[in-house]
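What follows is a single structure, written as structure tokens, with notes after it.
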Amino acid sequence: MECISIFDMLKIGVGPSSSHTLGPWRAAERWIKELKDSNKFDKVTSITVDLYGSLSLTGKGHATDYAVILGLYGADPERIPIDSLESIIATVKSTNTLLFNNEIPITFDPKADIVFNRKFLPFHANGMKFTAMIDGRRSSSTFYSIGGGFVVKEERKVSKKNCKIFENTFPYPIRLGTELLAYCKELDLPISSVVLENEKSIRDMETIDFELHRIWDTMLECMYTGCHTEGNLPGGLNVRRRAYDMYENLKGDLPYNNPKEWLETIRKTEVKFRQILKWVSCFALSVNEVNAALGRVVTAPTNGSAGVIPSVLMYYLVIENHDAGFEEIKKFLLVAGEIGSIFKKNATISAAMGGCQAEIGVSSSMAAAALCELMGGSPEQVLIAAEIAMEHHLGLTCDPIAGLVQIPCIERNAMGALKAINAAELALNTDPKNVKVPLDKVVQTMWETAKDMNTKYKETSEGGLAVGVHLSDC
């Protein structure tokens, strides 16, 4: 069992895909570290990168080649200025030279040295191999992007290390929903408090608060950017940004100058009942339009589903509780992260392994649970909310048109957010004694569904809308 912190589930990165962009980016960073640790880095004279399976089939649409270049360049996805990405890529392409880890210039032609192999490696659908020429010999290392920006090697050495951390450090190890409820009952604490106790065992409270502030600030800035940016998304589908138009129709006249002032302004805006759904949809669309344009988002649990959690949290702050502050935001993120980790440990959060149920379904489940706790739900009701949200996403396929995280991905975030709110409301009105399907059962069912799902519906762009609609139709 892995030690999965909420900061593993909620990562800051660059869009459009956690599996296909952030994962390969982090894999390149890990490879560089391997080379440095073995004193081989300074001897590298050339580099090739092989992409396999889903990384190859939808890699162009997910900017996987860009991510590889940026990772090899040594850029930090959490902090690199977004407006510098295109210039770095353009320089590498025009000069056929890569400044390896921003240290050593190496001849590198992206068209020839990044190879898209359609075949799948047996360990995982998202495989990649980095090869360096060192002293006339090839030195290779293979990594797998397993969803949500997580990267592993086949031998899972890191997983073994994490297991040891989990057993020796976490006071309340959790794999199943039933175990989480048992701790809540034993300690007489809500889910967020149990999760916080685990986090406090591996980092101090000041760090936890700082990182949660950073995650929320990134989410808020992402929504702000999406609501204030118009035009079409890149990639060839000519998808018009809708969050801008929706926001223009919803906003009031109060002034603001930054994302935090913007939030307070929206709170003061009179929201009519029929506008609530529009606001939630606007928030969700704004995040995933930023994501589709290679903007900075928070994996929640993935980039493709990054809009659900912030939009549901905004719903709570804007509609349900105008007095809520950082403490409520903290509780929301703690609960959401824990629910996501249960899915990752027992099923998958990778669309390449489980279809979109593993992304939008999991994010909706995470958001529903978090909202339910903030609205006064018991630990049992929180897990009921998570179960309801996933139950109604089971079997959802991943079929992005042209391999872009745009159609139907962006709209699905709005739908997942609305389902999360509905699930939380249903759970709050449910007596746990009457529940027929526990969360652990729906997680198991989701994994069985994922294994039974045809590969062409798992982020390969070989089925569904991806073959039913072509670029020429757009």
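The values are calculated or read from the model by the stated rules, or taken from the named source; none is laboratory data. Nothing here was measured: the structure is a model prediction, and the numbers come from that model. Because the Cβ atoms are built from the backbone with ideal geometry, glycine has one as well, and the counts that use them run over all protein chains shown.
Some values worked out for this structure:
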{"read-out": "Number of the exception - Thr131 against (1) under 22 Å from Gly13 (Cα atoms); (2) in contact with a Lys or Arg (Cβ under 9 Å, 6 or more places away or on another chain); (3) of a type in the set (S, T, N, Q)", "value": "(1)"}
{"read-out": "Which numbered condition Val437 fails, given (1) part of a loop (DSSP other than H, G, I, E, B); (2) surrounded by 23 or more Cβ atoms within 10 Å (Cβ to Cβ); (3) of a type in the set (Val, Ile, Thr)", "value": "(2)"}
{"read-out": "Among (1) surrounded by fewer than 20 Cβ atoms within 10 Å (Cβ to Cβ); (2) over 26 Å from Lys345 (Cβ atoms); (3) more than 19 Å from the chain's Cα centre (by Cα), the one test that Tyr73 misses", "value": "(1)"}
{"read-out": "Test: residue in region 80-93 that is out of contact with any strand residue (DSSP E or B) (no Cβ under 9 Å at 6 or more places or on another chain), in contact (Cβ under 8 Å) with a residue 12 or more places away in the chain, farther than 28 Å from Val298 by Cα and not polar (S, T, N, Q)", "value": "yes"}
{"read-out": "Matching entry among Lys330, Lys344 (being touching a strand residue (DSSP E or B) at 6+ places or on another chain (Cβ under 9 Å), among the basic types (Lys, Arg), at pLDDT 95 or above and assigned by TED's automatic domain parsing to the domain that holds Lys260)", "value": "Lys344"}
{"read-out": "Selected residue (criterion: nearest to the chain's Cα centre (by Cα)) from residues of region 126-150 that are buried (at least 24 other Cβ atoms within 10 Å of the Cβ) and in a loop (DSSP other than H, G, I, E, B)", "value": "Gly148"}
{"read-out": "Helices (runs of 4 or more DSSP H) within region 343-432 that include 3 or more residues over 26 Å from Gly236 (Cα atoms) and over 17 Å from the mean Cα position of the chain (by Cα)", "value": "360-374, 379-391, 409-428"}
{"read-out": "Meets criteria (closer than 17 Å to Trp31 by Cα and more than 23 Å from the chain's Cα centre (by Cα)) for Ile88", "value": "no"}
{"read-out": "Unmet criterion (only one of (1) farther than 13 Å from Ala306 by Cα; (2) touching a Ser or Thr at 6+ places or on another chain (Cβ under 8 Å)) for Glu327", "value": "(2)"}
{"read-out": "Single condition Gln381 does not satisfy, out of (1) more than 30 Å from Cys3 (Cβ to Cβ); (2) touching a Pro at 6+ places or on another chain (Cβ under 7 Å); (3) not aliphatic (A, V, I, L, M)", "value": "(1)"}
{"read-out": "Some residue of region 193-212 being in contact with a Gly (Cβ under 8 Å, 6 or more places away or on another chain) and at pLDDT 95 or above", "value": "yes"}
{"read-out": "Any helices (runs of 4 or more DSSP H) falling wholly within region 23-111 and containing at least 3 residues that are not hydrophobic (A, V, I, L, M, F, W, C)", "value": "23-37, 64-73, 85-95"}
{"read-out": "Region 440-472, subset acidic (Asp, Glu) and either assigned to a helix (DSSP H, G or I) or outside the structural domain of Glu338 (by TED's automatic domain parsing) (or both), residue nearest to Lys278 (Cα to Cα)", "value": "Asp440"}
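Each row is one residue, and each column tells you yes or no for (1) closer than 13 Å to Ile329 by Cα; (2) in contact (Cβ under 8 Å) with a residue 12 or more places away in the chain; (3) assigned by TED's automatic domain parsing to the domain that holds Ala369.
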site: Thr178; (1), (2), (3): no, yes, yes
site: Lys185; (1), (2), (3): no, yes, yes
site: Asp188; (1), (2), (3): no, no, yes
site: Thr207; (1), (2), (3): no, no, yes
site: Phe210; (1), (2), (3): yes, no, yes
site: Ile215; (1), (2), (3): yes, yes, yes
